[in-house]
Amino acid sequence: MNILGINAYHGDASAALFVDGALVAAVEEERFTRIKHDTSFPHRSIRYCLDQAGLQAGDLDHFALSRNPRANLGRRLKHAVLDRSGRRVATRRAANLKKILAAKRTLAEGLGVDERHLRAKAHFVEHHLAHIASSYYVSPFERAAVLSIDGFGDMISAMWGVGEGGRLRMLGEVAFPHSLGVYYTAVTQYLGFPKYGDEYKVMGLASYGEPAYLDQFRQIVHSSGLGYDLNLEAFRHHVEGAAMTWDGGSPELPPLWGPGMEELLGPARAGSDVPLEARHQNIAASLQRRLEEVVLQMLRELHATTGVGAVCMAGGVALNCVVNGKILDETPFRDLYIQPAAYDGGTSLGAAAYVQHHQLGTPRSFVMEHAYWGPDFDAHQIQAALDSAGIRYQQLPTEKMLQQTADALADGEIVGWYQGRAEFGPRALGNRSILTDPRRAEMKDILNTRIKHREVFRPFAPVILEERTGDYFDKTYPSPFMLLTYNVLPTKRDEIPAPTHVDGTGRLQTVRRDQNALYYDLVSAFADRTQVPVLLNTSFNENEPICCTPEEAIDTFLKTRMDRLVMGDFVATRLEQSG
Ligand SMILES: [Fe+2]
């Protein structure tokens, strides 16, 4: 049974493929097209998934889109009629609807086959069901509460319920115009960060401030049991729309905040060149704190409603690792699962899983223990790429390569680490990573200014051997996908200053050998040399999608000031290139 899931015409277009109940491949289109958050039809991702499984288009039994244009039709029509920009929005939606319904034809065209030879049955899975399915069905839990929160998808911003065995039962939702995702994005824009996906920057900025505006934020978003309401005066999406637009592939959102936001918080930051002041940091801190209050309250209610001890989360808001890191402390839930592509990119995985289990009744047999579902390149391809770029390199036995890399890290080198299959989701988790020594405080500035060319306030993440987590953090629950922020133990903050954020926290990744043997062995080798079982890990890119091919990794190595590039067992150093 071959089931393909697709997220198309939406941020972070992607594809995922299940074969006989197990995930075989999953990847975002941006990795191929090099357009951040690419919104097109994911032709190249689909082609990759089929190749990885050795399948032809005609072998597909089902394909599932993570949108249902027919869902919430009444709400869509009402919005189209009442909305000041209703006609424009309605026209665009109609065009979108046509495209989505024509997905089978588009798929056939992209794969170069006649539509009649594509026997796969098409399914349209509502956006939040796809989010929820992307988490629950690949989690290790037989029973779990489920919660999805994002901007909007199919007119809904949050949905919750219970998963039991192969079935999902939804218990409630929050509909347009109320949205926690819109809330966070609107204030992100107000703070002078206009780009799609900039919420991460504000989450990093929040740690520098105090929640001095919490009272105002409690007037901007009201908690109500399992849901929430926005104070609409502070927003404008309810009159002007919040629909994503795209030209050339990258999505854009219109301004979402309204005059009421400035009445409550003062003048907006006019642009990204205006210096950040303490007031902006305090607003970011208050925004974040209010989000935590509302989400944790929802989770407590969800626990009370369902009485289940485990929770699975998804949706863009589930990438907020600061909230996630508080769930096990501040709610009665004892177990938590979030898959690495919790954002819209993961809905391809969810749509396929939903069809597989909820609709077709296939028993669950697969647990997503790691994130490595993307393209890989063999030694021959890596060597060819190095040769054609004129790079000087050595090929070492794996043991020696590991030892030498650990030594180079301990000596202060910045290492580009390119291994195996690319990660699914927005985080690099040890296969497309830049690694450094966490003990060197200066690494944070060096990486931000010399390598990544990004804002100085943005933090870096630690990776730690899973069994050593309690030696450095105040909690030990595993965080394999770098989606939980814990406090670094006060006694350890001076030991690993580079990935310790200004507020004493770390957005950690825990690693076990069965998840990624080479990565685990590298951290172990570094620990043998330094007694510190931690590395600093950041994504292998410079203001672009994370590198996918060996050529892209080499390109990033050459244009940034990394000291060393390790690809498979091939090692190239900066020094050798100039020598
Ligand atoms: Fe979403």
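The figures follow:
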read-out	value
Calculated log₁₀ intensity ratio I(q)/I(0) where the Debye formula runs over C-alpha points of segment 345-388, q = 0.21, 0.23, 0.30, 0.31 Å⁻¹	-0.78, -0.86, -1.09, -1.11
√(5λ) per eigenvalue of the Cα gyration tensor, segment 539-579, largest first, Å	18, 12, 7
Range of Cα positions in segment 387-466 per principal axis (Å), largest first	38, 35, 30
Globularity index of segment 180-268, i.e. its alpha-carbon radius of gyration over 2.2 N^0.38 Å	1.11
Distance histogram in 10 Å bins (all Cα pairs of segment 474-534, percent per bin)	22, 50, 28, 1
Volume of the Cα convex hull of the chain, divided per residue and given in Å³	142 Å³
Residue exposure sequence - D335, D150 - by fewest surrounding Cβ within 10 Å	D335, D150
Distance between segment 269-333 and segment 403-432 - C-alpha centres, whole angstrom	30 Å
Segment 452-579 - Kirkwood radius from inverse mean 1/r over Cα pairs (Å)	16.0 Å
Whole-percent pair-distance distribution, where bins are 10 Å wide, for the alpha carbons of segment 291-443	9, 25, 28, 21, 13, 4, 0
Cα centroid of segment 206-232 to Cα centroid of segment 338-399, whole Å	38 Å
Mean shadow area of segment 366-409 over all directions, Cα convex hull, nm²	5.1 nm²
Viscosity 0.692 mPa s, 37 °C: Kirkwood-radius Stokes-Einstein D of segment 245-363 over Cα pairs, µm²/s	185 µm²/s
Rg to Rh, two decimals, where segment 93-210 supplies the alpha carbon set and Rh follows Kirkwood	1.08
Principal axis dimensions, segment 286-330 - Cα atoms, whole angstrom, descending	30, 17, 17
Antiparallel bridge percentage (DSSP; both residues within the chain; nearest 5)	75 percent
Sequence of H128, H358, H178, H37 once ranked by neighbouring C-beta atoms within 10 Å, starting from the fewest	H358, H178, H37, H128
Low-density loop cleavage sites - trypsin sites (Lys or Arg not before Pro) in segment 175-244, where at most 14 other Cβ are within 10 Å (DSSP)	none
FRET efficiency, A384 to E330 (Cβ-Cβ, R0 35 Å, nearest 0.05)	0.10
Least to most buried among D503, D12 (fewest other Cβ within 10 Å first)	D503, D12
Separation of the S272 and A102 label points, Cα + 7 Å toward Cβ, nm	3.4 nm
Cut-off under 5 Å, modelled amide H: who pairs with L484 long-range	L508
Pair Q56, E544: separation of 7 Å Cα→Cβ label points (nm)	3.6 nm
Assigned charges on the beta-carbon of Lys, Arg, Asp, Glu; the chain dipole about Cα centre (debye)	1440 debye
Over segment 210-312: Kirkwood hydrodynamic radius from C-alpha pairwise inverse distances, Å	15.9 Å
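Bear in mind that the values in this text are calculations on the coordinates, not laboratory data. Given the structure is predicted, the values throughout are model-derived calculations rather than measurements. Note that each Cβ is placed from the backbone with ideal geometry, even for glycine, and that neighbours are counted across all protein chains shown.
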